[in-house]
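Okay, structure first, notes after.
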């Protein structure tokens, strides 16, 4: 019997809704044939965007979407994506999949998408191949009040009189690699130069600095040292962590199931160590973590397109377990995290959706976000699990309270053991009944396809939380008290 203690007096912090954020990049078919089908398409759409994806994102209360990259942003000219005459350009990823960028989805269209979803926009700005004035002009075009500047008037002529809602701006992306192959000292000085201009004109935006790749903590230390005297310009530290792959994405073994979860769990150590470095430089009030790319990353070819779409992969119960484990870690460290964005939304890496033409399905990852959505904006409380061992005999837990209601989310990390669990409440009464949702398949390789879209889906039930609960192997459970 595993006892899960809900420690109501011990509040971790507030779970920023943006921790449940998403990411759309001009890569593969994330945009074209992903979220965008065109206004004249036979596929039901809202201003050219798939209606089904918009409705399902609204259902999970998607709080924020990052755009246009990723590495794509580091060669992006925002002017290519406004007006009627739009150029076709080389895409950053052209050398892999041979596609060119038509710029059909630009600033106005992406804002249409965010407005339809009800999400805030997070723009990743190009620091690598432009000067600060380029970003400032983009911000002027997007954020200046109606009828004020020449660029604001141009925006109005292009169909959006009022300023766009873009509270978050990334100042560069992966500048340690594809974003210019910079040293942390060089990037830090570039951030100071760009952010000074951006902040002085638009001080109400949040500016995120490029964080390290995975475990490169020397980047974190050097960047904090470089920025410590300009902390008024930084509002987040945008780190990336992909937990890679372990075996075939669809035909993995028990051992590879546990290896994948072990790799995913490393994000907790990365969060804590980065945070300790940030605090060591006294930057904790201005450099909260922005984990704006995370997820599994398998070799191409396991998704429905069979390799046609760059980085497309299927999502099984193992990926759902990685998602549940990761989101529980984020909840339990919400005092350190400003935002997180799973990579990516559709047809690429750790996706919530897979599409092709009229076909559109949700993955098990989508269902986890749906089961966890009520954590957004809640107060995370500490939890403790007895008899937890390695991944073959453990569960992952987080809990939060909002408006007098508690949400407990539990993932069985074992692929071969069912567990009996019991909830123990410290500092609060336990009700006699509770609503519960469970995501489960007796096959850990189970996944949804266009032909069988509901192979993995969520079941609803009512439980007595005062009695032991059987949690099947690989299952993910949410309980609303």
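Each reported figure results from applying straightforward, stated rules to the coordinates on display, with no laboratory input. The structure presented is a predicted model; accordingly, all values stated were derived computationally and were not measured. Counting neighbours? That spans all protein chains shown, and the Cβs are built from the backbone with ideal geometry, glycine included.
Taking neighbour Cβ counts within 10 Å as the exposure measure, how do 168, 252 sort from fewest upward?
The fewest-first ordering by Cβ neighbours comes to 252, 168.
If you take the square roots of the eigenvalues of the alpha-carbon gyration tensor of segment 12-139 and sort them as a ≥ b ≥ c, do you get rounded (a/c under 1.5), prolate (a/b over b/c) or oblate?
It is oblate, given that a/c is not under 1.5 and a/b is not larger than b/c.
Using 0.36 nm per residue, how much length does the chain from residue 218 to residue 133 gain when fully extended, once their Cα-Cα distance is taken away?
Gain in length upon complete extension: 27.6 nm.
If the viscosity is 1.567 mPa s and the temperature 4 °C, what translational diffusion coefficient in µm²/s does Stokes-Einstein give for segment 252-348 when Rh comes from Kirkwood over Cα pairs?
Numbers: Rh = 14.9 Å.
In µm²/s, the coefficient rounds to 87.
Between residue 204 and residue 470, what length in nm is gained on full extension when 0.36 nm per residue of separation is reduced by their alpha carbon distance?
90.9 nm
Going by a ≥ b ≥ c, the root eigenvalues of the Cα gyration tensor, does segment 104-168 fall in the rounded group (a/c under 1.5), the prolate group (a/b larger than b/c) or the oblate group? Let's see the in-between values first.
Values: a/c = 1.78, a/b = 1.10, b/c = 1.62.
Oblate shape, in that a/c is at least 1.5 and b/c is the bigger or equal ratio.
Give the residues of segment 80-124 whose amide nitrogen is closer than 19 Å to a point set 7 Å from the Cα of residue 40 in the direction of its Cβ.
Once the point is set 7 Å along Cα→Cβ of residue 40, 83-88, 102-106, 109 turn out to lie under 19 Å by backbone N, inside segment 80-124.
Largest first, please: the extent of the C-alpha atoms of segment 383-480 along each principal axis, to the nearest Å.
Reported extents, whole Å, longest axis first: 47, 30, 21.
Quick check: pseudo-label points 7 Å beyond the Cα along Cα→Cβ at residue 183 and residue 90, how many nm apart are they?
2.8 nm
Simple spin-label model, 7 Å along Cα-to-Cβ: residue 158 to residue 230 in nm?
Distance between the two pseudo-spin positions: 2.7 nm.
Given 0.36 nm per residue, what is the gain on full extension from residue 148 to residue 77 after removing their alpha carbon distance, in nm?
Taking 0.36 nm per residue and subtracting the Cα distance, the gain is 23.2 nm.
Between segment 206-251 and segment 270-322, how far is it from one alpha carbon centroid to the other, in angstrom?
Segment 206-251 and segment 270-322 have Cα centres spaced 11 Å from each other.
When every alpha-carbon pair in segment 269-407 is counted, what percent end up more than 19 Å apart?
Here the long-distance tail beyond 19 Å is 59 percent of all Cα pairs in segment 269-407.
Please report the antiparallel percentage of the DSSP beta bridges confined to the chain, to the nearest 5.
Antiparallel bridges: around 55 percent, rounded to the nearest 5.
Where does the chain land at 222 nm, in deg cm²/dmol rounded to the nearest 500, when only DSSP H runs of n ≥ 4 count, each adding -39500 (n - 2.57), divided by all residues?
Helices in the chain give a 222 nm mean residue ellipticity of -8000 deg cm²/dmol.
Percent antiparallel among DSSP beta bridges with both residues in segment 331-481, to the nearest 5?
Given both bridge residues lie in segment 331-481, the antiparallel proportion sits at roughly 95 percent.
Here are a few candidate values for semi-axes √(5λ) of the Cα gyration tensor in Å: (1) 40, 26, 23; (2) 36, 26, 21; (3) 39, 26, 20. Which one was actually calculated from the structure I just gave you?
(2)
Take residue 273 and residue 416, extend 7 Å from each Cα along the Cα→Cβ direction, and tell me the distance between the two endpoints in nm.
Modelled inter-label distance: 3.1 nm.
For residue 457, put the label point 7 Å out on the Cα→Cβ axis and report which residues of segment 32-60 keep their amide N under 18 Å from it.
From segment 32-60, the list is 52-53, 55-57, 59-60.
Specify whether the C-alpha gyration tensor of segment 295-357 places it in the rounded, prolate or oblate class, a ≥ b ≥ c being the square roots of the eigenvalues: rounded for a/c under 1.5, otherwise prolate if a/b is larger than b/c and oblate if not.
Because a/c hits 1.5 or more and a/b exceeds b/c, segment 295-357 counts as prolate.
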